[in-house]
Amino acid sequence: MQARLDGLLGQPLTFVGYAADMLTMTFGPEGHEYHLHIQCSYRMATKEAILFDRIDYFEPSDAQCEKWRAEGLDELDFPDDWPDTERRLFEQVKLLCQRLNGMMVTEVAVNQLGDLTIRFATGETLLALPMSSGDHECWRFWNDALWPDQHMVVCGDHAELNGPGEQRRLICE
């Protein structure tokens, strides 16, 4: 696993997005991109602050909270539902997208439990932390130029290569 992830070293982060609460990231030049989809717990932080976390998908955006306060609502009176587009995660990911310039990967590591750490030259650190003990996909990594149709998939209890040359093994192997 680590050998594949080492390809990220020196690569720029070129895209950050989401599909519901799944974080999607792209690294490297067009035509040779590395892709990372994270479906487990994740966090992007600096040494001083958490920029966003998966749980932010379930929180209203700062802009939505300001709107409710302007309407005279106290935080305890905020509605339980709000527009899907007004989620804190979406707001924070959009802010990160505005400052991708210089976000080069300086360190990448994965441990025996599938915990993924990516550090950037600009000071941010991304953590992906599998929180399942079973056969549930936690994160996936691939590069179609290097490994056509083959994805590295980390689940709660194993890691596998999906596609040609399929392999399944325990994470701690």
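Details
- Modelled this way, with points 7 Å down the Cα-to-C-beta line, the labels at His35 and Asn162 are 1.1 nm from one another.
- What you get for segment 1-160, charging only the Cβ of Lys and Arg (+1) and of Asp and Glu (-1), is a dipole of about 660 debye around the Cα centre.
- Extension gain (nm, one decimal) between Ile50 and Glu107, 0.36 nm per residue minus Cα-Cα: 18.7 nm
- Contour minus Cα-Cα distance for Arg99 and Asp144 (0.36 nm per residue): 13.6 nm
- Recomputing percent of Cα pairs over 23 Å apart from the coordinates shown identifies the correct label among [x] 44; [y] 41; [z] 33 as [x].
- 0 to 90° range, to nearest 10: angle between helix 88-97 axis and the chain longest Cα axis: 60 degrees
Coordinate-derived values only; no laboratory data. Not measured: the values here are computed from a predicted model. Here Cβ is always computed from backbone atoms with ideal geometry, including for glycine, and neighbour counts include all displayed protein chains.
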